[in-house]
Amino acid sequence: QDETRNTKWSKARPIAPATKHPMMKLYHLAGRAWSYITNNMKSDNFVIAHGGMVPQFLTEAETKLRGRGHIQAVVKDIEGCFPNMDKNAIRRALKEELQRITQTTNYDAISIPKKKSVPCSFKPTLRKGDVRIPFEDLLEIMEFALDNTILVDFDGHLWRQVKGIPMGD
């Protein structure tokens, strides 16, 4: 296991957001908004927001799929997830979710509170320090982030990530 760990340690792994990124504040706000949106998706699909939800996910999956045949759960290392995500599928899913929210709620923007302990809201707020981002801008930020992920390798060379997304992006 030490050999595996040593091999992974020297491998470049894009992790976002970069601490010195010039758009760090914008990415942080957009990240909070997207996290709120994806964690509250209304869908027939199985959505796991964090690892602590796996037991609940497996119970729900078994309940929904009971009687349809053999059920098997395979756990894979998260390392392979992000770098292999299809960028076009991400684009399509996020656009569809924002369209669904607009159609069902008539909201076309999201409010991000200054305090991290306060959840985001689709309803406009009057709290001082809250930032309101229109869905159209959220989509543009997402498009930019997907197409402009640049990382520095251990030799100082710049690389554009063309496949997948950075972990945590």
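May I ask you to compute the full-extension gain from ALA61 to ASP155, defined as 0.36 nm times their residue separation minus their alpha-carbon distance, rounded to one decimal in nm?
Gain on stretching ALA61 to ASP155: 29.3 nm.
Keeping the other protein chains in place, figure out the carbon and sulfur percent of the accessible area of segment 123-169, with a 1.4 Å probe. Before the final figure, lay out each step's value.
Numbers: 1960 of 3270 Å².
The nonpolar share, carbon plus sulfur, comes to 60 percent.
Please label the shape of segment 97-169 as rounded, prolate or oblate, based on the square roots a ≥ b ≥ c of the eigenvalues of the alpha-carbon gyration tensor (a/c under 1.5 means rounded; beyond that, a/b larger than b/c means prolate, else oblate).
On the way: a/c = 3.37, a/b = 1.90, b/c = 1.78.
Since a/c reaches 1.5 and a/b is larger than b/c, the shape of segment 97-169 is classed as prolate.
Please give the contour-minus-distance gain from HIS28 to SER117: 0.36 nm per residue of separation, less the Cα-Cα distance, rounded to one decimal in nm.
30.6 nm
Work out how much length ALA89 to ASP108 would gain on full extension: take 0.36 nm times their residue separation and subtract the Cα-Cα distance, in nm to one decimal.
Separation in residues times 0.36 nm, less the Cα-Cα distance, equals 4.7 nm.
From a point 7 Å beyond the Cα of ARG127 in the direction of its Cβ, which residues of segment 104-120 have a backbone N at a distance under 11 Å?
111-120
The values are calculated or read from the model by the stated rules, or taken from the named source; none is laboratory data. As the structure is a prediction and not an experimental result, all values here were calculated from the model. Quick reminder, even Gly has a Cβ in these numbers, built from the backbone with ideal geometry, and neighbours come from all protein chains shown. Heads up: the accessible areas ignore ligands, DNA and RNA and are worked out on the full protein's heavy atoms, side chains in. Shrake-Rupley method; radii C 1.70, N 1.55, O 1.52, S 1.80 Å.
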